[in-house]
1. Where residues in the stretch 85-102 are more than 22 Å from residue 137 (Cβ to Cβ) and either modelled with pLDDT of 80 or more or among the β-branched types (Val, Ile, Thr) (or both), which of them is surrounded by the most Cβ atoms within 10 Å (Cβ to Cβ)?
2. Would you point out which residue out of 118, 134 is within 30 Å of residue 195 (Cα to Cα), touching a Leu at 6+ places or on another chain (Cβ under 7 Å) and small (Gly, Ala, Ser)?
3. Residues to consider are 125, 158, 121; find the one that is surrounded by 12 or more Cβ atoms within 10 Å (Cβ to Cβ), at pLDDT below 90 and over 30 Å from residue 87 (Cβ atoms).
4. Select, from 95, 139, 46, 68, the only residue that is polar (S, T, N, Q) and outside any helix (DSSP H, G or I).
Amino acid sequence: MKTLEDGKTRIQRICDAIRKDTLEPAKQEAQRLREEGEKQKQDLINEGRKEKERLIEEGRAQIEQEHNVFESSLLQATKQAVENFKQQLETKIFNDELYQLLQGPMSDPMMIVHIIEALIKAIDKDGLAVDLRAEAAKNINPEEVNKLIASRILDRLKKHSIEVGSFAGGAKVSLKDKNMSVSLTLDDAKNILAEFLQKEFRSLIFAN
């Protein structure tokens with residue numbers, strides 16, 4: 001009976017030794033692996049969360065940058081469109097209207113006579129006593145102007161008559177032997193007036 005008990009005791013000691021030397025370390029290693037795995041999993045989750053937040057922040061920054069670029073481009077395009085509109089409006093209203101306002105007076109025979117006489121007077125003042133050629137606007141009957149102009153002026157002109165020019169409105173006097181001319185045509189008058197009136201026109205039309 002004692003031998004049987006001693007055998008059981010010996011077996012128990014062996015089992016305890018196996019448990020202590022093998023099973024317990026295995027349990028501890030398994031626990032360590034579980035804890036390490038859990039830590040790695042949590043680290044991956046945290047890294048994933050940080051990466052997601054980084055990507056979201058980058059996306060927001062890119063959207064903000066693109067929005068700023070879009071607003072800047074839109075503002076620039078708007079300014080250019082407004083400036084183009086102003087230029088078109090100025091050309092249409094100012095230049096065309098000024099042209100129309102001057103067309104009547106600059107096509108009047110008596111006005112053309114005054115212009116020719118003033119141009120010849122200016123030539124005489126500079127001592128350029130030469131043969132002259134006077135031209136009236138293309139839409140003017142030269143005979144009508146000839147009737148109005150002084151005979152002393154006609155005597156200074158080539159063919160003793162006003163000729164028809166290729167310009168609209170006004171008149172031009174050429175110095176035959178000097179290869180030069182002076183003029184006050186419709187375009188000349190418009191340009192002269194525009195130089196003085198255009199700035200004022202812009203301030204009135206485009207004032208804020």
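The values are calculated or read from the model by the stated rules, or taken from the named source; none is laboratory data. Everything quoted here is computed from the prediction, not taken from an experiment. Every residue, glycine as well, gets a Cβ built from its backbone with ideal geometry; the counts of neighbours run over all protein chains shown.
1. This residue is 93.
2. 134
3. It is 158.
4. 139
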